[in-house]
Amino acid sequence: MPRGLTPEGAEAAEGAREGVRKAYGYIRKRTRFMQYAEYARVKIPLGSGVTEAASKTVVTQRLKLSGMRWTKAGAEVILDLRVMLLSGIWPEAYRRILDAESTNKLATPERVTQTELQNAA
């Protein structure tokens, strides 16, 4: 034990050294993913702002309206549908559903305008 350290202090110092070793190992294993200058050059967002804004758009604007209550399962279904709509893949996803259910003779809904789709979301 180094001079001047109590047993508790020596234990804390060893714990700190172990934390540094773990952090160093973590960074070494993932260095190839930490190409931040390249990410910035090709305009890949580096902060959490884009994710937080998307969460607000997808979740808050749909699930947190006045008086709404959701089960976890119900909220997941609505969020899946909302993400498909907002990402622009709804027409393709719906077409695939219709193709898969063609034996059920599902009726094709009337064509709706883009504005109506956005208002429904």
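The values are calculated or read from the model by the stated rules, or taken from the named source; none is laboratory data. Only a predicted model underlies this, so the values are computations on that prediction, with no experimental measurement involved. Surface areas here come from the heavy atoms of the whole protein model, side chains and all, with no ligands, DNA or RNA. Shrake-Rupley method; radii C 1.70, N 1.55, O 1.52, S 1.80 Å.
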- Item | Sole exception among (1) modelled with pLDDT under 90; (2) open to solvent by less than 70 Å² (accessible area, probe 1.4 Å) for Asp99, by number | (2)
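Go through the stretch 43-67 residue by residue and tally those that are open to solvent by less than 70 Å² (accessible area, probe 1.4 Å) and either over 21 Å from Val83 (Cα atoms) or not hydrophobic (A, V, I, L, M, F, W, C) (or both).
Looking only at the stretch 43-67, we keep the residues that are open to solvent by less than 70 Å² (accessible area, probe 1.4 Å), and these are 47-49, 53-55, 57-60, 62-63, 67.
Add one more test, that the residue is either over 21 Å from Val83 (Cα atoms) or not hydrophobic (A, V, I, L, M, F, W, C) (or both), and what stays is 47-49, 55, 57, 60, 62, 67.
Going through the stretch 43-67 one residue at a time, the tally reaches 8.
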- Output the residues belonging to the stretch 18-41 that are open to solvent by 70 Å² or more (accessible area, probe 1.4 Å) and in a loop (DSSP other than H, G, I, E, B). Gln35
- Message: Take the conditions under 22 Å from the mean Cα position of the chain (by Cα) and either open to solvent by less than 70 Å² (accessible area, probe 1.4 Å) or at pLDDT below 90 (or both) and apply them to Leu5. Does it pass?
- Response: no
